[in-house]
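Asker: Below is one structure. I have some questions about it.
The values are calculated or read from the model by the stated rules, or taken from the named source; none is laboratory data. The structure presented is a predicted model; accordingly, all values stated were derived computationally and were not measured. Backbone-built Cβ (ideal geometry, glycine too); neighbour counts: all protein chains shown.
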Amino acid sequence: MDPHGLRTRRSLLDAGSTAAEIRRMRSSGTLALVRRGASTDPADDRLETPEARHALLVQATLPLLAKGSVISHASAAVLHGLRLWAVRLDQVHVTRDATSGGRTSRRLHLHTARLHDDEVVEVDGVAVTSLARTAVDLARTLPYEQAVVAVDSALDLRRARTPGRAPLTRVDWDDAIGRATGWPGGPAARRVGRFAADGAESAGESRSRIAIVAAGLPPPVLQLVVPRVAHGADGRVDFAWREQRVVGEFDGRVKYGRLLAPGQEAGDAVFAEKVREEAIRAASWTVLRWTWGELREFGPVAARLRRALDG
């Protein structure tokens, strides 16, 4: 077993298992395959989310990489702790400082591009593209909506609460995007950078902003603290239009998980959120909510918002 708890085929053979026994263990579910030649315990907590599974895939792939390989793109995003939405995580993305030789296989996407020394950092001992370079690479290569989610996450000021995860600054973004001048996807990345904001706290909030602008609605203020909300109620809201005194809230289920206090049940958090909403309404603000499902067809929500904004 390696230091990351992975069981390689070689380690299993060295421990006395035969090739046939290893195949049976995998087919029976006694071993969970991470990638060819590397497995883990099926009860491994790191298999529970796509991001954690991908980080495990990165660890399993590292011994196979050539010297000078740097984890990049979506794989770097996972190691930096960025939010990703609708991004494939079945391949490990790696960049090497070269002008040619890129290739892709079932489990590996090798990119070749210029890498400056200050664009490579260590995350848990792994060479990874810096947060700024990662954000620019994602903005260049992902579809617009997915790219905005990722860059919003990089800019999220709450990252500062986690040791070693400072948020991306606009200065660092500008420097990184400047270095990418003339690269494929550069104009798309600049568009993402102009739209991205440091106030989005979930993928749903990022996608909501895109939908609001696409509907021709005025851009909202993010994370406004509504004034004169009853004492003890949290007046901070996802979206606000100050002049019209309208609040918009993206109602993702994960939000209630973030609201849970120690020992609190999800139902308690939902009730507390209703009390909070009533306090905001009592301060003479209109509150509108929407869900993941409504983001897929935002027209009805946009119509409700427009009516509220028009008064």
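Asker: Which members of the range 271-291 meet the condition of being touching a helix residue (DSSP H, G or I) at 6+ places or on another chain (Cβ under 6 Å) and among the hydrophobic types (A, V, I, L, M, F, W, C)?
Answerer: Result: VAL287, LEU288, TRP290.
Asker: Restricting to the range 179-202, give me the number of residues that are of a type in the set (Val, Ile, Thr) and part of a loop (DSSP other than H, G, I, E, B).
Answerer: The total comes to 1.
Asker: Going by what's in this entry, would LEU157 be described as touching a Lys or Arg at 6+ places or on another chain (Cβ under 9 Å) and not assigned by TED's automatic domain parsing to the domain that holds GLN223? Walk me through how you get there before you give the answer.
Answerer: Details: touching a Lys or Arg at 6+ places or on another chain (Cβ under 9 Å): no; not assigned by TED's automatic domain parsing to the domain that holds GLN223: yes.
Considered against the rule, which asks whether it is touching a Lys or Arg at 6+ places or on another chain (Cβ under 9 Å) and not assigned by TED's automatic domain parsing to the domain that holds GLN223, LEU157 comes out as no.
Asker: In the range 209-250, what residues are in contact with a strand residue (DSSP E or B) (Cβ under 8 Å, 6 or more places away or on another chain) and of a type in the set (A, V, I, L, M)?
Answerer: ILE212, VAL221, LEU222, LEU224, VAL225, VAL226, VAL237, ALA240, VAL246, VAL247
Asker: Take the residues of the range 86-107 that are surrounded by 17 or more Cβ atoms within 10 Å (Cβ to Cβ) and not polar (S, T, N, Q): which is nearest to GLU205 (Cα to Cα)?
Answerer: By that ranking, first place goes to VAL87.
Asker: State all residues of the range 56-89 that are assigned to a loop (DSSP other than H, G, I, E, B) and in contact (Cβ under 8 Å) with a residue 60 or more places away in the chain; if no residue qualifies, say none.
Answerer: SER72, GLY81, LEU82, ARG83, LEU84, TRP85, ALA86, VAL87
Asker: Sort through GLU201, GLU205 and tell me the only one that's in contact with a Phe, Trp or Tyr (Cβ under 8 Å, 6 or more places away or on another chain), in contact (Cβ under 8 Å) with a residue 40 or more places away in the chain and surrounded by 19 or more Cβ atoms within 10 Å (Cβ to Cβ).
Answerer: Of the residues listed, the single one that is in contact with a Phe, Trp or Tyr (Cβ under 8 Å, 6 or more places away or on another chain), in contact (Cβ under 8 Å) with a residue 40 or more places away in the chain and surrounded by 19 or more Cβ atoms within 10 Å (Cβ to Cβ) is GLU205.
Asker: Filter the range 219-229 down to residues that are within 23 Å of GLY299 (Cβ to Cβ) and touching an Asp or Glu at 6+ places or on another chain (Cβ under 9 Å) and give me whichever is surrounded by the fewest Cβ atoms within 10 Å (Cβ to Cβ).
Answerer: Per the criteria, the residue is LEU222.
Asker: Checking the condition part of a helix (DSSP H, G or I), out of contact with any Lys or Arg (no Cβ under 7 Å at 6 or more places or on another chain) and surrounded by fewer than 14 Cβ atoms within 10 Å (Cβ to Cβ), which residue from ASP152, ASP174 passes?
Answerer: Only one candidate passes the filter, namely ASP174.
Asker: State yes or no: is GLY16 small (Gly, Ala, Ser), at pLDDT 95 or above, more than 24 Å from TRP183 (Cα to Cα) and out of contact with any Pro (no Cβ under 9 Å at 6 or more places or on another chain)?
Answerer: No; evaluated as a whole, the condition is false for this residue.
Asker: Of all residues in the range 199-218, which are out of contact with any Asp or Glu (no Cβ under 7 Å at 6 or more places or on another chain) and among the aliphatic types (A, V, I, L, M)?
Answerer: Residues satisfying the conditions are ALA203, ALA211, ILE212, VAL213, ALA214, ALA215, LEU217.
Asker: Taking the options ARG53, ARG35, ARG106, name whichever one is free of Cβ contacts under 8 Å to residues at least 24 places away in the same chain, out of contact with any strand residue (DSSP E or B) (no Cβ under 7 Å at 6 or more places or on another chain) and not small (Gly, Ala, Ser).
Answerer: One residue alone meets the criteria, ARG106.
Asker: Test of understanding: among ALA269, ALA240, which residue is at pLDDT below 95 and either of a type in the set (A, V, I, L, M) or outside the structural domain of PHE298 (by TED's automatic domain parsing) (or both)? First the steps, then the outcome.
Answerer: On the way: ALA240 fails: at pLDDT below 95.
From the options ALA269, ALA240, the qualifying one is ALA269.
Asker: While we're looking at this one, here's another question. Give the residue that is surrounded by the most Cβ atoms within 10 Å (Cβ to Cβ), with candidates limited to residues of the range 109-132 that are more than 19 Å from the chain's Cα centre (by Cα) and part of a loop (DSSP other than H, G, I, E, B).
Answerer: LEU115
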